[in-house]
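Everything on this sheet refers to the single structure shown next.
What follows is calculated from the coordinates using simple rules that are stated; it is not laboratory data. On a predicted model such as this, the values are computed, not experimentally measured, just so you know. So basically every Cβ, Gly included, is an ideal-geometry build from the backbone, and we count neighbours across all protein chains shown.
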RNA sequence: GUCCCCAUCGUCUAGAGGCCUAGGACACCUCCCUUUCACGGAGGCGACCGGGGUUCGAAUCCCCGUGGGGACGCCA
């Protein structure tokens, strides 16, 4: 049987890190087995679903390169299918109308909670052989409930968590269609997973509790039960649960924040999944290695430091032209200038080794394209009166120096020797004058790339 | 409250009864490299939640406890 997996977000917000990982695992599983990856938009909550959220989710997937083979399917466009199945279940007696009002149910729930019991439907309208149902009140439009088995257990071998068993006695008859006739989540999922031929349901473990109900419905429909893999959730950097209020950001935010998609992908893949000691791997390798075993059943805490480390790795590895393209945009945002025609590639080759973030990298090299402003503290600390004579001399020498890093190095060395100084005594003030800060790569290389006239100009600005 | 799930270094994890005086990675510390800061290299610190069992032998299996999380919607 060909593998068919799906990602089924509800469009009520952006694609966050947890959703992205779920999508990634589903996608990788399909890729690994040459199957199909399906995108299904679960938009039956009309109140909260928005087209903007659909777009945001697809943008996130697109950025990460999680391409789907089928879809997007929208549940709101599949109402006819759901209604058809609903009626067949009504006919088959696996579903029934329930006329209990919301208020009635609310009272029931409160009483049960107060008694310390699990709140659940009392089966008032559940048809049973020999049972006389209450009189139907014309006022109430009924909901449809699934007639869940009352005895026995539902069990499945979860690909992540192992065998899970739940007694049917724990389950009540859930509502599968609202009073207005629209089907509810658990029912739509069942119908869709069935009709779309999903073979592996890979989703967040907040759905573990829905699974037994879904299996029961699937069985009532005569469907084969897919395999389930419930992924544990991702916690924030501080170990707290991610929520809109707390740390849950769009994956696109990582792009804005200076992360390469390769780093995010690699990081996410490794979060909750492992392949021996492998830490750094391409998506191609991931798809080859990935399987539903070796997924951790426990929750994982997000760690930005490790993401940074991976980001640094991929910045070093990245094709230099692609890197230049990315940095150009970020640089423009900082300097307002277009550095394209300049020596950007050379500058990046000098700086990429030390960067772990694209925004930081752009910021670090901005001085090549816009005049830096050194801090008073740095100026005071490094550009001291006693080095000025040497600096004066160097400035003169530099005007006649061949503009290569090597020649510049010699020129500095000559002055340093002449004035009986140590190399850093001159290199540090040069850094401050030229780059605006006291940390930079080899100063002669910086100067070579900055250019002779710009270098002389910047030094001159400090000579009295 | 009821049901379900989870539990190895600070963090991500390896580990499927002896290969474990528990391995790797991030972070941290030290040293080396060095023209500052990084990068890189070499070391170091650092964990099996507790208690019972099973076994010749348990991080690994079982039970209990503790802690954390999730679910109990005419939300998804």
*Sort A:383, A:327, A:334 so the one with the fewest other Cβ atoms within 10 Å of its own Cβ comes first.*
A:334, A:383, A:327
*Express in nm, to one decimal, how much length is gained between residue A:319 and residue A:284 on full extension, taking 0.36 nm for each residue of separation and deducting their alpha carbon distance.*
10.9 nm
_Estimated [θ] at 222 nm from DSSP helical runs (n ≥ 4, -39500 (n - 2.57)) normalised by residues in chain A, nearest 500_ = -13500 deg cm²/dmol
*With just the Cα atoms of the stretch A:132-189, tell me how far they stretch along each of the three principal axes, in Å, largest first.*
48, 27, 10
*Give me the number: length gained by fully extending residue A:141 to residue A:253, i.e. 0.36 nm times residue separation minus the C-alpha to C-alpha distance, one decimal in nm.*
35.8 nm
_Centroid-to-centroid separation of the stretch A:373-415 and the stretch A:131-200 [C-alpha atoms, Å]_ = 78
*So how far apart, in nm, are the two label points at residue A:379 and residue A:303 if each is 7 Å from Cα heading toward Cβ?*
4.3
*Quick one: Debye curve from the alpha-carbon atoms of the stretch A:1-153 only, equal weights, vacuum; give me log10 I(q)/I(0) at q = 0.12, 0.18 Å⁻¹ to two decimals.*
-0.78, -1.08
*Once the principal axes of the Cα atoms of chain A are found, what is the range along each, listed largest first in whole angstroms?*
111, 45, 37
*DSSP beta bridges in the stretch A:193-330, what fraction antiparallel, as a percent rounded to 5?*
20
_Would the stretch A:398-464 count as rounded, prolate or oblate if I go by the C-alpha gyration tensor, calling it rounded below 1.5 in a/c and otherwise prolate when a/b exceeds b/c, oblate otherwise?_
rounded
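What is the order of A:352, A:163, A:213, fewest Cβ neighbours within 10 Å to most?
Least crowded to most crowded, the residues run A:163, A:352, A:213.
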_If you fit an axis through the alpha-carbon atoms of helix A:304-317 and take the longest principal axis of the Cα set of chain A, what angle between them do you get, 0 to 90°, nearest 10?_
60
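Under the 0.36 nm per residue contour assumption, what length would be gained going from the current alpha-carbon distance of residue A:48 and residue A:155 to full extension?
Here the segment from residue A:48 to residue A:155 would lengthen by 35.2 nm.
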*Over the stretch A:5-60 - Rg/Rh using Cα atoms and the Kirkwood inverse-distance radius*: 1.01
*Take the alpha carbon atoms of the stretch A:92-205, find their radius of gyration, then divide it by 2.2 N^0.38 Å using N residues; give the quotient.*
1.22
*In whole Å, how far is the Cα centre of the stretch A:341-364 from that of the stretch A:277-324?*
22
*asked:* I want the antiparallel fraction of DSSP beta bridges within chain A, as a percent rounded to 5.
replied: 50
*What is the order of A:437, A:295, fewest Cβ neighbours within 10 Å to most?*
A:437, A:295
_Tell me the relative contact order for chain A as a rounded percent, counting alpha carbon contacts under 8 Å between residues six or more apart._
12
*Counting alpha carbon pairs within less than 8 Å and at least 6 residues apart, what relative contact order, in whole percent, applies to the stretch A:202-314?*
33
_Given contacts defined as C-alpha pairs under 8 Å and at least six residues apart, what's the relative contact order of the stretch A:1-146, whole-number percent?_
21
_Rg in Å to one decimal, and Dmax rounded to a whole Å, for the stretch A:52-137 via C-alpha atoms_ = 20.8, 59
*Measuring from label point to label point, each 7 Å out along Cα→Cβ, what is the residue A:114 to residue A:224 span in nm?*
5.1
*Quarter of the Cα convex hull surface for the stretch A:320-376, i.e. its orientation-mean projected area (nm²)*: 4.0
